[in-house]
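Below is one structure, written out as structure tokens; the observations come after it.
The values are calculated or read from the model by the stated rules, or taken from the named source; none is laboratory data. Please read all numbers here as calculations on a predicted model, not as lab measurements. Using ideal geometry, Cβ is built from the backbone for each residue, glycine included, and neighbour counts are taken over all protein chains shown. What goes into the accessible areas is simple: the full protein's heavy atoms, side chains included, and nothing from ligands, DNA or RNA. Shrake-Rupley method; radii C 1.70, N 1.55, O 1.52, S 1.80 Å.
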Amino acid sequence: MSKLKQTKIPMTLEDNVLKVALEQNVIENEFNWKLVRERDGLENQSKEVMWVEWNEDNSFKARYDEPAVSRSLIMSPLNKFFTWQTTFITEILEEREDYIKFNTLNSTYELWKLKND
């Protein structure tokens, strides 16, 4: 199996382009949450998180502030540019006010609250 060849193209963003992206919530520069996937250490950070419940046809059913079995985690920005979405929770292994460890259909995750909102 061969690795994909990735050509790195150095580039810079003008300050005003970065400012507009921040203002439109396309990218974030403030992080309150850190998610780590156990199997490979993949790490994502976001300002906000939400927990989503899905209908049987995989359409949106409801949004929650708390995790529970059958809900998925979505990391901000909470628009079409969201950072990360997990498959739904199958088991909550440990939960504290600022931490949760949970299994999904295909992974185990740990989520830490870094700051108070």
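Extension gain for ASN55 to GLU91 (0.36 nm times residue separation, less C-alpha to C-alpha distance): 11.1 nm. Under Stokes-Einstein, with the Kirkwood radius over Cα pairs standing in for Rh, what whole-number D in µm²/s applies to the stretch 37-117 at 20 °C and 1.002 mPa s? The calculation lands on 164 µm²/s. Largest first, the residues TYR109, TYR64 sort by 1.4 Å accessible area into TYR64, TYR109.
What does the charge add up to near LYS61, with Lys and Arg as +1, Asp and Glu as -1, over the other residues with Cβ less than 11 Å from its Cβ?
Residues close to LYS61 contribute a combined charge of -1.
Send over a whole-number figure in Å² for the accessible area per residue of the stretch 45-117, probe 1.4 Å.
On the way: 4540 Å² over 73 residues.
Each residue of the stretch 45-117 exposes 62 Å² on average to a 1.4 Å probe.
Accessible surface of GLU53, taken over heavy atoms with a 1.4 Å probe and every protein chain present, rounds to 40 Å².
Just the protein heavy atoms count here, and of the accessible area of the stretch 28-107 at 1.4 Å, carbon and sulfur take up 44 percent. Per-residue surface analysis assigns MET75 an accessible area of about 0 Å², computed on protein heavy atoms at 1.4 Å probe radius.
Here each label is just a point 7 Å from Cα along the line to Cβ, and for LEU114 and LYS34 those points are 0.7 nm apart.
For SER70, neighbours were defined as the other residues whose beta-carbon sits under 15 Å from its Cβ, and their charges (Lys and Arg +1, Asp and Glu -1) total -2.
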